Amino acid sequence: MPGVVEALLALRAQHRSGEAHALLCEAAAWPAGRLPALAAELHRAGLAADWATLLWEAASLPPERLAAAAAALGEAGREADCDLLLRQGAARPAAEIADAALALGGAGRDREAQALLGAYVRLHTAEESAALARQDPQWFAPRLLRAARALSGAHHRDLSHALRVSGVALA
């Protein structure tokens, strides 16, 4: 990883931002377990903006890779980075959110799954959240309702109504 940091520093010094961005895109696709150490190295080198760019690129990874990156950051205690990654990834289609949330839940990363669903509820309509819940009603409905309740009573009421209208049974 130090090689990447030095390469980024050199590219930035030479004003070769396109090549630096390409390197960040490559690093975003690395095995998820390497991301926390890379974050630390980038911050130590004064490249926090490059870390933010890398997170943006990682947010567009396939759902399983997004989940793995979020889990790795969460496990390393980088909750703020993890939450930022998940907020950025919440703009994807409901089926991909479902895959990522279920992957996080299956890996025992409930905090991260809830953060992803919270970002989804914040960004999407109650009807879109209800459509997501139909992917696996027993798993998603309570988590989405918890996320909506954390936002506001109005969000919770709207989602409860949308779930009932869509045929998702509420416990």
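The values are calculated or read from the model by the stated rules, or taken from the named source; none is laboratory data. Nothing here was measured: the structure is a model prediction, and the numbers come from that model. Counting neighbours? That spans all protein chains shown, and the Cβs are built from the backbone with ideal geometry, glycine included. Just so you know, the surface numbers come from the protein's heavy atoms only, side chains and all, with ligands and any DNA or RNA stripped out. Shrake-Rupley method; radii C 1.70, N 1.55, O 1.52, S 1.80 Å.
Quick notes
- When each of Ala101, Ala115 is tested for being in a helix (DSSP H, G or I), open to solvent by 10 Å² or more (accessible area, probe 1.4 Å) and modelled with pLDDT of 95 or more, the lone residue that passes is Ala115.
- Condition check for Arg149: surrounded by fewer than 22 Cβ atoms within 10 Å (Cβ to Cβ), more than 20 Å from Gly167 (Cβ to Cβ), basic (Lys, Arg) and modelled with pLDDT under 95: no
- Criterion (open to solvent by 20 Å² or more (accessible area, probe 1.4 Å) and in a loop (DSSP other than H, G, I, E, B)) met by exactly one of Ala68, Ala7, Ala91, Ala37: Ala91
- Test: residue in the range 11-19 that is touching a Lys or Arg at 6+ places or on another chain (Cβ under 9 Å) and either among the aromatic types (Phe, Trp, Tyr) or at negative phi (or both): no
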